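The values are calculated or read from the model by the stated rules, or taken from the named source; none is laboratory data. Model, not experiment: these values are computed from the prediction. Reconstructed Cβ throughout: ideal geometry from the backbone, glycine too, with neighbour counts over all protein chains shown. Heads up: the accessible areas ignore ligands, DNA and RNA and are worked out on the full protein's heavy atoms, side chains in. Shrake-Rupley method; radii C 1.70, N 1.55, O 1.52, S 1.80 Å.
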Amino acid sequence: MTASYGVNGFTADHRAAFAQHGTERVYIAYDRDEAGDKAAAKLAEELIEMGIECFRVQFPKGMDANEYALKVTPAARSLGVLLNKATWLGKGPTCGSAGARDRATASGSKSSS
C-alpha cells in the first residue's frame, strides 16, 4: 500500500516502484469531489498504459477516506465494502467486480498492489 500525497502527488518514484515490483492492480482512493474524480481518471489512464488495472474507490460525494472511516463504523468492514465495490476504470470488460477478482486472487491467481 502507498499514498500519492494528494491528487497531484503521484511521482516518478511511485511509477518506478510499481514497475520494479510488478504491480498489477491499483485502487485509487482520492477524495470524492471534482478534483479527486478528475485526478483519478487521469492517473488511471497513465497506469493502464503501464499495464496496471485500475479501480476507483467510490466514497460518498464530498468525503475522503479519513472522514469515511471516522463516520462509518466499523471502519475496517466499511472500507472493505467500498474496496469490493470499487469501479473498474479500464476499457472493456473486467473479470467481474473488484471483490470477485480479489476472491480469485485468494484462491491462487497472481496479483500485487
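Some notes on this structure:
- Protection proxy ranking for 65-73, 79-87, 50-58, using the average of other Cβ atoms within 10 Å per residue and placing the highest first: 50-58, 79-87, 65-73.
- Under the convention that each Lys and Arg Cβ holds +1 and each Asp and Glu Cβ holds -1, the size of the dipole of the stretch 34-89 around its Cα centre is about 340 debye.
- Neighbourhood charge, 14 Å Cβ-Cβ cut-off, centred on residue 18 and excluding it, Lys, Arg +1 and Asp, Glu -1: -3
- Accessible surface of the stretch 10-80, 1.4 Å probe: 54 percent of it comes from carbon and sulfur atoms.
- Over the stretch 8-99, accessible surface divided per residue gives 59 Å², non-protein components excluded, 1.4 Å probe.
- Placing +1 on the Cβ of every Lys and Arg and -1 on the Cβ of every Asp and Glu, with no other charges, gives the stretch 1-99 a dipole of roughly 320 debye about its Cα centre.
- Net +/- balance of residues flanking residue 2 in space, Cβ distance below 14 Å, scoring K and R +1, D and E -1: +1
- Scanning residues 5 or more positions from residue 88 or on other chains, those with amide H under 5 Å from its amide H are 56, with H placed 1.01 Å from N in the peptide plane.
- Annotation: amide H-H contacts under 5 Å for residue 25 (H modelled 1.01 Å from N, sequence separation of 5 or more, or interchain): 53, 112.
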